[in-house]
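Presented below is the structure to which this report refers.
The values are calculated or read from the model by the stated rules, or taken from the named source; none is laboratory data. These figures come from a predicted structure and were not determined experimentally. Positions of Cβ are backbone-derived with ideal geometry, glycine not excepted, and every protein chain shown enters the neighbour counts.
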Amino acid sequence: MDHAATPSPAHSQTHPIALYLKVWALLFVLSTLSYMVDYYHLQGPLRWGLILAFMMLKAGLIVAVFMHMAWERLALICAILLPPAALLVLVGLMASEAHYTHLTRLLFFR
């Protein structure tokens with residue numbers, strides 16, 4: 001019987017510790033940049049844009065590396081990432097519709 005063709009749990013895929021340390025350091029840098037947004041008292045859309053960008057970058061790194069999504073099949077990645085993306089698009093459409101409805105009510109119901 002040829003045991004080389006059947007992978008065993010002992011031969012599972014492992015990643016170098018340096019990869020995890022680099023990602024951890026990058027998460028630390030992104031968190032520091034996020035803190036600096038508050039430290040420099042940035043306001044308005046710039047503040048929220050930077051905070052959301054840093055948040056999405058950190059979440060993406062965590063999901064890709066620490067949850068091993070970077071090494072999964074494309075079908076599984078799409079099954080996990082497409083529904084939240086679709087929800088974000090729908091929330092954006094609803095916010096746009098709410099803004100339009102609010103402006104219409106202000107215009108016609110004075």
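Looking at the stretch 86-104, can you tell me whether even one residue there is surrounded by 11 or more Cβ atoms within 10 Å (Cβ to Cβ) and not charged (D, E, K, R)? No, there is no match, as no residue in the stretch 86-104 is surrounded by 11 or more Cβ atoms within 10 Å (Cβ to Cβ) and not charged (D, E, K, R). Only one entry of 94, 56 meets the criterion of being part of a helix (DSSP H, G or I), closer than 22 Å to residue 30 by Cα and at pLDDT 90 or above, and that entry is 56. Do we have any residue at all in the stretch 60-70 that's part of a loop (DSSP other than H, G, I, E, B) and aliphatic (A, V, I, L, M)? For the stretch 60-70, residues part of a loop (DSSP other than H, G, I, E, B) and aliphatic (A, V, I, L, M): present.
Suppose we filter the stretch 58-110 for residues that are in contact (Cβ under 8 Å) with a residue 24 or more places away in the chain and basic (Lys, Arg); how many remain? Walk me through how you get there before you give the answer.
Step one: filter the stretch 58-110 for residues in contact (Cβ under 8 Å) with a residue 24 or more places away in the chain, giving 58, 61-62, 65-66, 71.
Still in the list and also basic (Lys, Arg): 58.
Residues flagged as in contact (Cβ under 8 Å) with a residue 24 or more places away in the chain and basic (Lys, Arg) within the stretch 58-110 amount to 1.
Whenever a residue of the stretch 21-37 is farther than 21 Å from residue 49 by Cβ, its partners that are among the β-branched types (Val, Ile, Thr), lying with C-beta atoms within less than 6 angstrom and at least six residues away or across chains, give the pairs 23/65.
Could you say whether any residue in the stretch 103-110 is closer than 17 Å to residue 59 by Cβ and either modelled with pLDDT of 95 or more or assigned to a helix (DSSP H, G or I) (or both)? No, the stretch 103-110 has no match at all.
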